[in-house]
Amino acid sequence: MASATSSRARRSIEPAANLQAALGTALAQQPVPLLVLRLPEFERIAWRDGKRAARSLERKTVAAFNESVAPMLRRGDRCGHDPGSDVFAIAMSASTRGSRAVSPVGIRAVLERVAAAIALRCRLRVETGWVILARSGAPIDLQREFAIALERGARERERYEFFSVIAHELRTPLTSIRGYLETLLDEEPDGRTARRFLETARAEALRMGRLLDGMFEFSLLDLSSTALAGQSCRLDRQAVRACEVVALAARGRGIAVQRAVLRATVVALDADACLQLLVNLLENAVKYGREGGCVRISVQRQGSHAVVSVDDDGAGIAPSERESIFALRVRGSTSGSRPGTGIGLAIVKLIAERAGGCVQVLDSPLGGARFEAVLPLRQEKEESAACAS
Ligand code: ADP
């Protein structure tokens, strides 16, 4: 077995067969949480780079596992890993714990800490999961329990992603409503401006309601959804709305939001989804643009598609990151200390692709980033009868 760096840690890890035997005894006393970590890329690396590279990587992984898990172990807890295997397990079998004392939150905290230590040290993706083992009379099938735990972990992760996407979508209108209400209270603007602020706040509140209604109908993570099929909206009007939604945030950073003259353009996309896409791009341009600078939105037609561009004069995006920033929960090197979750662009991509379009990032003539979303136009003959939104 690979060596570990601390003597406490070295004692902690043992072959899975030992763990299985120890669990048999522990389960006679109490149910035992079994925590499982798996490195799905491990096998591929062994095939691609050879056994030596795989062994060296395994040594590093074992060291990271042992070091991170050691402070959380109690006497009687056990850790299992077989050389060459991609699975690591922790049985929280210390008699002082009592299974009820280990909450799901505590279990997830342990898993997250260990997974983060391995990911950081070895640059490997780590899957996690857990299960509570109880005495059943039948011998424990550890491999089966590993599979059950990991399957449960995958479902938990899906749920987490789903809710973080929903939270992200709800946060934008909420922030906008709050901003407009606070401005009304603090600045007491003239009657016309106040009315415009209230109308924007109301439109955002209504959109929030629709988001909540739609939440149970389909998940934005479900690429196969056809819930938006057949819908259309005026891209130019949604662009004006999106500028209003981000107006206060832009003002807060002294950024001027410019709208190129937009001619009436009907795209084959639901109005709310279109607004969400534009707001996400504009929010980012305002967030990552230069303080006191400017952001520009423009719409052009190219054949059967509309191209909407959002430009800023910030730091831009390095070519090496131009694909990865569209992945869910991936933040780029420009994020720095700015708040964020790495979800906005994933939603933009999903909406554009679901409508049959695409999105890309380029250099902006303003000096920063240009995000370009290509969206299919609604058929010309239908345009005249297009919806008013
Ligand atoms: P978040 O902003 O929450 O991190 P996003 O998915 O909206 O998540 O963006 C992903 C990453 O892309 C950001 O972390 C940031 O590094 C980069 N990014 C997005 N928009 C811009 C922009 N206009 N200029 C520079 N970087 C940007």
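The values are calculated or read from the model by the stated rules, or taken from the named source; none is laboratory data. Not measured: the values here are computed from a predicted model. Please note: Cβ atoms are built from the backbone with ideal geometry, for glycine as well, and neighbour counts cover all protein chains shown. Just so you know, the surface numbers come from the protein's heavy atoms only, side chains and all, with ligands and any DNA or RNA stripped out. Shrake-Rupley method; radii C 1.70, N 1.55, O 1.52, S 1.80 Å.
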message: If packing is taken as the average count of other Cβ atoms within 10 Å, what order do 151-160, 321-330, 278-287 fall into, highest mean first?
response: 278-287, 321-330, 151-160
0 to 90° range, to nearest 10: angle between helix 16-29 axis and the chain longest Cα axis: 90
statement: One would report the Cα pair-distance distribution of segment 1-158, bin width 10 Å, in %, as 11, 43, 36, 9, 1
Peptide ranges 358-366, 265-273, 310-318 listed from the most packed, as the mean C-beta count within 10 angstrom indicates: 265-273, 310-318, 358-366
- line: In this structure, the FRET efficiency calculated for Arg301 and Arg195 from their beta-carbon separation, with R0 = 45 Å, to the nearest 0.05, is 0.85
- prompt: For the Cα atoms of the chain, what angle does the longest principal axis make with the long axis of helix 42-69, in degrees from 0 to 90, nearest 10?
  reply: 80
- prompt: Could you name the aspartates and glutamates in cross-link range of Lys51, using Cα to Cα under 17 Å and dropping any fewer than eight places away on the same chain?
  reply: Glu41, Glu43, Asp82, Asp86
task: Would you mind listing how long the chain runs along its three principal axes, going by Cα atoms, in whole Å with the largest first?
output: 74, 43, 43
- request: Could you give the size of the charge dipole of segment 280-380 about its Cα centre, using +1 on the Cβ of each K and R and -1 on the Cβ of each D and E, expressed in debye and rounded to the nearest 20?
  value: 240
- request: Give a residue-ordered list of calculated ³J(HN,Hα) values for segment 333-348 (Karplus: 6.51 cos²θ - 1.76 cosθ + 1.60, θ = phi - 60°; whole Hz; x for Gly, Pro).
  value: 5, 7, 5, x, 9, 5, x, x, 10, x, 10, x, 6, 5, 5, 4
task: Let me know the whole percent of all Cα-Cα pairs from segment 287-333 that are separated by more than 16 Å.
output: 58
task: Please label the shape of segment 232-389 as rounded, prolate or oblate, based on the square roots a ≥ b ≥ c of the eigenvalues of the alpha-carbon gyration tensor (a/c under 1.5 means rounded; beyond that, a/b larger than b/c means prolate, else oblate).
output: prolate
- line: Computed, not fitted: 222 nm per-residue ellipticity of the chain from DSSP H runs ≥ 4 (each -39500 (n - 2.57)), nearest 500, equal to -16500 deg cm²/dmol
query: So how many Å³ per residue does the convex hull of the Cα atoms of segment 145-207 work out to?
result: 65
field: Rg/Rh for segment 89-209, where both radii come from Cα atoms and Rh is the Kirkwood radius
entry: 1.27
query: Any idea what angle helix 235-252 forms with the longest principal axis of the chain, computed on alpha-carbon atoms, 0 to 90 degrees, nearest 10?
result: 70
query: Which values of log₁₀ I(q)/I(0), to two decimal places, follow from the Debye formula for segment 112-172 at q = 0.25 Å⁻¹ with a uniform point scatterer at every Cα?
result: -1.03
statement: With the 1.4 Å probe rolled over protein heavy atoms, segment 287-386 has an accessible area per residue in Å² of 47
message: Using just the Cα positions, wrap segment 84-134 in a convex hull and report its mean projected area in square nanometres, one decimal place.
response: 4.4
